[in-house]
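Each reported figure results from applying straightforward, stated rules to the coordinates on display, with no laboratory input. Computed from a predicted model, the values in this text were never measured in an experiment. When we count neighbours, we look across all protein chains shown, and the Cβ atoms used for this are built from the backbone with ideal geometry, even at glycine.
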Amino acid sequence: MNIKELTSLQEMEQVQQLEERVWGISPIPTHQTLTAVKNGGIVVGAFDGEKLVGFSYGFPAYKNGESYLCSHMLGIDEAYRSKRIGEQLKHAQRQIARAKGYTIMHWTFDPLETRNGYLNLSKLNGICDTYLENCYGEMQDGFNKGLPSDRFEVHWHLDSEYVEQQQQPNILNLQPIGHFYLDQNERPTLQLATLENLTNDSYSLPVPKDFQQLKQTNADCALHWRMTTRKAFGALFSQGYVAVRIAIAEQWNEYIFVKKETLALGGNTYENY
C-alpha cells in the first residue's frame, strides 16, 4: 500500500469518485479541496497500484486564539476495510501536519460506531471531552440516516508525550457508570447509574458492538442508545473526564474514561468550549 499526500486536480477527482462509492452522496467540489491544500490543508491518499482506496481530508481551523487541523473526512473503499489503512492514513496525516507546524488535530465521529472509536482512541491515543448533539442535523446517507447525528470531537495532541510515546492511561479503580442487559424482548438496553458527583479515578460505559446492525434491525432500540449515552457522555465530560479507550467485550464494547489532568498532553489542552 502506497500512502502519500495528494495535491493535484487529478488526485482530487479520484477523491471525489471514492467519496461517492463510500457514502453515496455528492462529493466535495475539487475547487474547494484544491484551495484547501494550497492554504494549509492536507489530503492523504492510500493507493493499491494506481487505484485510490482510501483518503483523509483536513483543512486549517482556528478557535480560541489557536490554529489546528480539522480532519473532516476519512473514507476507505469497502473492499479494503479492516486492513489498517485508516490507521496508516492518520499516521501519515500526523507527520505531514507536524511538518506544516500543526500541534493539534480535531475530527468528529459517531461515538456509537466503535470501530472508529477503537482506531481514534485505543490505537491513535486521541482523546475526547467534547460532545456535539445533532452535529450535522438530519443526515441522509446510508451510515447516518434516521438518527440525530451526535458526534464525539476527538483532539489529537500531535507532539504530546501521550501520543508520541503511545502512553497507556492510568485506569485505576474502574467503575461502570451503566449496565448492559437484555430486556423482556431480548433487546440490548442500557441502565445508567447516578451521573452526579463523579469522583472515581476511571469509569466505563457499555455500548453496542455493531450499531449499524442495531439501527437496521430495531430503530427504536438504536434511538434508546443514542439518547441514553448522550446523557452519560455529557455528564462525564462536564465533570472533567475524557474518553481514552474502547475495550472489547464479548457481548458489548466499553468506553473507558479518566480524568483529563492525568494525561501527559502538554501545551494547550483545549478545554471544553
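Key figures
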item	result
Relative contact order (%) - criterion: Cα under 8 Å, at least six apart; region: the chain	15 percent
Separation of alpha-carbon centers, segment 185-234 and segment 2-33, rounded to whole Å	35 Å
Pairwise FRET efficiency - S82 versus Q17, Cβ, R0 = 22 Å, nearest 0.05	0.50
The chain, dipole about Cα centre (Lys/Arg Cβ +1, Asp/Glu Cβ -1), debye to the nearest 20	280 debye
Net charge contributed by nearby residues that have their C-beta within less than 12 Å of P60 (K/R +1, D/E -1)	+2
Angle in degrees between helix 9-23 and the longest Cα principal axis of the chain, rounded to the nearest 10	30 degrees
Segment 183-246 shape via C-alpha gyration tensor axes, a/c threshold 1.5	prolate
Rounded to the nearest 20 debye, dipole of segment 175-262 from Cβ charges on Lys, Arg, Asp, Glu	280 debye
Of I96, I104, I256, the one that fluctuates the most in a GNM where the chain has Cα springs shorter than 10 Å	I96
Structure-derived semi-axes √(5λ) of the Cα gyration tensor in Å: which label, when the choices are [x] 31, 23, 16; [y] 34, 21, 19; [z] 24, 22, 19	[x]
For I42, distant residues with modelled amide H under 5 Å away	G58, F59
Hydrodynamic radius of segment 2-164 per Kirkwood, over alpha carbon pairs, in Å	16.2 Å
Radius 15 Å from Cβ of R98, net charge of other residues (Lys, Arg +1; Asp, Glu -1)	-1
Subset of K51/K209; K209/K259; K38/K259; K100/K259 violating a 27 Å alpha-carbon distance limit	K51/K209; K38/K259; K100/K259
Net +/- balance of residues flanking E153 in space, Cβ distance below 12 Å, scoring K and R +1, D and E -1	-2
Shape of segment 131-220, Cα gyration tensor, a/c cut at 1.5	oblate
R187, R115, R94 arranged by Cβ crowding within 10 Å, fewest neighbours leading	R187, R115, R94
Positive-end extreme of charge dipole, the chain - chosen from Y80, N170, F47 (charges on Cβ)	F47
Among C128, C221, C70, residue whose mean-square fluctuation peaks in a GNM of the chain (springs only between Cα atoms under 10 Å)	C221
Calculated [θ] (222 nm, deg cm²/dmol) that DSSP helices of n ≥ 4 give over the chain, each run adding -39,500 (n - 2.57)	-8000 deg cm²/dmol
